[in-house]
Amino acid sequence: MSTLHTLDLTIVGLYFLLILGLSWIAIKQGQKTSTDYFLAGRHLGWFIIGASIFSSNIGSEHLVGLAGSGATDGVAMAHYELHAWCLLILGWVMVPFYMRSKVFTMPEFLEKRFSPESRTVLSLISLVAYVLTKIAVGIFAGGIVFSVLLPEIHFLGLDSFWLGSLLVIVFTGIYTILGGLRAVAYTEAMQTIVLVVGSILVTIFGLKALGGWHVLRSVAGSEMFNLWKPLVPHGIQGTWEPIKEAGRMAWYFNDNYPWLGMLFCAPIIGLWYWCTDQYIVQRALAARDEQDARRGSIMAAFFKLLPVFIFIIPGMIAFALAKTGKIAVFQQEFFGPGGELIRDNAQKAFPLLVAYILPPGIRGIVVAGLLAALMSSLAGVFNASSTLFTMDFYSRMKPQASQRQLVWVGRVATAVMVLIGLFWIPVIRGGKGLYDYLQGVQAYLAPPIFVVFFFGVFMKRLNKKGCLAALSTGFALGVFRLAVDTPVKLISNFSYNEGSFFWIINNIFFQYYSLFIFIICIIVMIVVSYLTEEPNYQQISGLTFGTRTLEDKKHSRQSWNWRDVLASVIVVVIILGAYLYFRG
């Protein structure tokens, strides 16, 4: 039976009409050129940029996956959400180089810094990453939400999970395909407000149903409030002989996220995502100038501080409601007959809170927020994917293509990416959690991209051969791990022989494997670069710190003032405060 009342459905319907209205306005403003379609004519202001970045990031993996992680692991995943400082790195360090280069895509920047071959490899990696993470995850999360809110809906043999997935795709695809980045950015700015307000209401009503913050701390326990998990579980005396201990330690690592991986691996993923990923940086590229791009990044950093409190905490509230038995349906969903926690069902934490603790009317607003998050994350990746394919592949194969043809190809590319993502959903359903799946795949694909961008900007001596070698090596190592992991998740009762090579690879904690890829990529890039010829420093003028001109430095200095510095300092202070509070 549906948990939504007529008033809730009415509010959701009005919300959809509002989204369509904003999309129509964006479409009427025109999509005549590729710059209009893919970068909104480079006319976005700082608030729109900040809200759009946040709304694109805070999507399905947070409402479903991050809240589910809060229910099972407490604040362990808050490390990723406290990476708001990475957005400061984007605004202060990387934006000046991106804005000077006037590129459409991140692979295009890599071409200017290194070579066309590097651009092609990065575009391929990015498209693979989008299919395996953002598109498939968004579709999957849409199904989870609908399966909780409208569990009895069936049509043409499809249950509410698949119907919800398809509805979210179709609606989002329509306004993304027609309106381009301008439609995406405008709707995301409005969706940010709905999402934040709705999630705050879930936290407030959840704490009220539970009995307050002190009850949450008491029921959840200090371990769930501890960001810094020990390297070895208490009470385990391991020999650390690799083969003998790998299996026993793997379960601990994968469920508890020890501090070593969080301290060194999580920032690699964070800096890759926030500073080099087309999905995020495309909003900054659409800014009017360097100042708006930087201020938009700082604004997004403030927004990014919210998820710990509006997603992770609600997940912990859902766990506490289940543990105390205050709401029977939570206890039935979360715990099995023997009292064991059912991790798969924990993915329903946020939708369950929406369905069972909110009053009618308020529930409709929050459901609108849920749909906002699902659609905004999908819309952003649809546009980013079509931009990558059109500008980095099609336009290079067909250099004489008209602006109209480029826009048309971008729309077709969006539709194709959606279909591919649908086929990957069974792999996600076979994993142990949506957010865990997402972080695992990103950990395998992010290191080489992080290395070539940041080392490429900071070290002018690195050349195109070193870049290509690092990208290729890192991508191969990441895909190899994905290939090893996929059968275990996709095929029921499948496992490798204990002690075999593939069993060891599969049982290495994903963050440690990511660090291994990172170190290998650094070594490969530096060694290959220094064994081959120096780059042409004139050609890469303005693209590295060592090749900036006096005019470049002067222009960047004029684009910021003390207010920008103060806002950035406030972000850092809040992050440090959160780390001090969540110590168990």
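Rule-based calculations on the coordinates, nothing more; no lab input. Because the structure is predicted, anything quoted here is derived from the model rather than measured. Cβ atoms come from the backbone with ideal geometry, glycine included; neighbour counts cover every protein chain shown.
What does the charge count near Val565 come to, summing +1 for each Lys or Arg and -1 for each Asp or Glu among other residues with Cβ under 14 Å from its Cβ?
+3
State the percent of C-alpha pairs, over all pairs in segment 309-356, separated by a distance greater than 17 angstrom.
21 percent
Gain in length, Arg288 to Ile491, computed as 0.36 nm per residue apart minus the alpha-carbon separation, to one decimal in nm?
68.1 nm
Tell me the net charge near Ile540. Cut-off is 9 Å between Cβ atoms, Ile540 excluded, with +1 for each Lys or Arg and -1 for each Asp or Glu.
+3
Run the simple label-point estimate for Ile570 and Phe16 please: 7 Å along Cα→C-beta, distance reported in nm.
Going by the 7 Å Cα→Cβ label model, 3.9 nm.
How do Glu111, Glu333, Glu533 rank when sorted from fewest to most other Cβ atoms within 10 Å of their own Cβ?
Numbers: Glu111 22, Glu333 18, Glu533 9.
The most exposed by this proxy come first: Glu533, Glu333, Glu111.
Name the residues whose placed amide hydrogens come within less than 5 Å of the amide hydrogen of Phe335, ignoring near sequence neighbours (fewer than 5 apart) on the same chain.
Result for Phe335 returns Ile342.
Based on the mean of other beta carbon atoms within 10 Å per residue, what is the order of 269-279, 546-556, 48-58, most packed first?
In descending order of packing, they fall as 48-58, 269-279, 546-556.
List residues of segment 91-131, by number, whose backbone nitrogen lies under 17 Å from a label position 7 Å along Cα→C-beta of Met397.
Within reach of a label on Met397: 117, 119-128.
Among 470-480, 562-572, 314-324, how do they line up by average Cβ neighbours within 10 Å per residue, starting with the highest? Walk me through the numbers on the way to the answer.
Working: 470-480: 20.5, 562-572: 13.8, 314-324: 25.9.
Final packing ranking: 314-324, 470-480, 562-572.
Would you please put 347-353, 538-544, 81-87 in order of how densely packed they are, using the mean number of other Cβ atoms within 10 angstrom per residue and starting with the highest?
Details: 347-353: 27.7, 538-544: 15.1, 81-87: 23.1.
Going by the mean number of other Cβ atoms within 10 Å, highest first, we get 347-353, 81-87, 538-544.
Under a point spin-label approximation (7 Å from Cα along Cα-to-Cβ), what is the Arg461-Gln405 distance to one decimal in nm?
With each label point 7 Å from Cα toward Cβ, the separation is 4.5 nm.
Looking at this model, which pairs from Lys326/Lys348; Lys208/Lys323; Lys304/Lys554; Lys304/Lys326; Lys102/Lys134 are more than 24 angstrom apart at the alpha-carbon?
Table pairs above 24 Å Cα-Cα are Lys304/Lys554; Lys304/Lys326; Lys102/Lys134.
For a quick check: sort Arg481, Arg343 by the number of other beta carbons within 10 angstrom, fewest at the front.
Values: Arg481 22, Arg343 18.
Ascending number of Cβ neighbours within 10 Å: Arg343, Arg481.
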